[in-house]
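Below you'll find the structure, written out as structure tokens, and then a few comments.
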Amino acid sequence: MREDCLFCKIINQQIPTKLIYEDETVIAFNDINPQAPVHALIVPREHIDTINNLENENLAGHMILTAKRLSGVLGIQQSGYRLIMNCNEDGGQTVFHIHLHLLGGKQLGELVQ
Ligand code: AMP
Ligand code: ZN
């Protein structure tokens, strides 16, 4: 838990947020500024600032498999989706508590602009 971290505050319910999934390791909620009809964030309860400091392979795998399962719940598993993790400035990271974006519900554009 970091006092100044937005996603830690969501995890600790200091910022009320409707969760679409939670277990003992991760939570998921809809992005406040969706870039597609489905745009969810899968967030570990543990504070890790960037992928550069992610070492737990079980956690990394659990985040991806949670996204896959959520894609089914959210109705985009067969139509398709994209999973994104941004890292640091060039990657466009704005919240420094790692999170996996799950995007779908439309034909997504080019990955790199
Ligand atoms: P990134 O740019 O990869 O760090 O992604 C951060 C994401 O968090 C952005 O897509 C934001 O729209 C999203 N975001 C920021 N604040 C909130 C919030 N309070 N609830 C849900 N999503 C948020
Ligand atoms: Zn945090």
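Annotations for the structure displayed:
- Some residue of the range 75-90 being of a type in the set (A, V, I, L, M), in contact (Cβ under 8 Å) with a residue 60 or more places away in the chain, over 19 Å from His47 (Cα atoms) and in a loop (DSSP other than H, G, I, E, B): no
- Output for the range 23-35, where each listed residue is over 12 Å from Ala67 (Cα atoms) and out of contact with any His (no Cβ under 9 Å at 6 or more places or on another chain): Glu24, Ile32, Pro34
- Asn52, sole failed condition from (1) within 22 Å of Leu111 (Cβ to Cβ); (2) under 13 Å from the mean Cα position of the chain (by Cα): (2)
- Scan of the range 37-47 for residues that are in a strand (DSSP E or B) and within 21 Å of Gly105 (Cβ to Cβ), ordered by number: Val38, His39, Ala40, Leu41, Ile42, Val43
- The numbered conditions (1) of a type in the set (Gly, Ala, Ser); (2) more than 12 Å from ligand 1 (Cβ to nearest atom); (3) surrounded by 14 or more Cβ atoms within 10 Å (Cβ to Cβ) are all true for Gly61 except (3).
- Per this entry, Ser79 is counted among residues that are in contact with a Gly (Cβ under 7 Å, 6 or more places away or on another chain), of a type in the set (Ser, Thr, Tyr), farther than 21 Å from Phe7 by Cα and surrounded by fewer than 16 Cβ atoms within 10 Å (Cβ to Cβ).
- Cβ pairs under 7 Å, 6+ apart, first in the range 31-47 and without any contact (Cβ under 8 Å) to a residue 60 or more places away in the chain and under 15 Å from Ile98 (Cβ atoms), second within 12 Å of ligand 1 (Cβ to nearest atom) and part of a loop (DSSP other than H, G, I, E, B): Val43/His97; Val43/His99; Pro44/Ile98; His47/Cys5; His47/His97
- Residue that is surrounded by the fewest Cβ atoms within 10 Å (Cβ to Cβ), among those in the range 91-113 that are touching a residue at least 12 places away in the same chain (Cβ under 8 Å) and small (Gly, Ala, Ser): Gly105
- Residue check for Pro34: more than 13 Å from the chain's Cα centre (by Cα) and part of a loop (DSSP other than H, G, I, E, B): no
- Inclusion of Ser71 among residues that are within 13 Å of the chain's Cα centre (by Cα) and farther than 21 Å from Gln13 by Cα is warranted.
Taken together, the values in this text are just the output of simple stated rules run on the coordinates, not laboratory data. As the structure is a computational prediction, the values presented were derived from the model and not from experiment. Note that we place each Cβ from the backbone using ideal geometry, even for glycine, and neighbour counts take in every protein chain shown.
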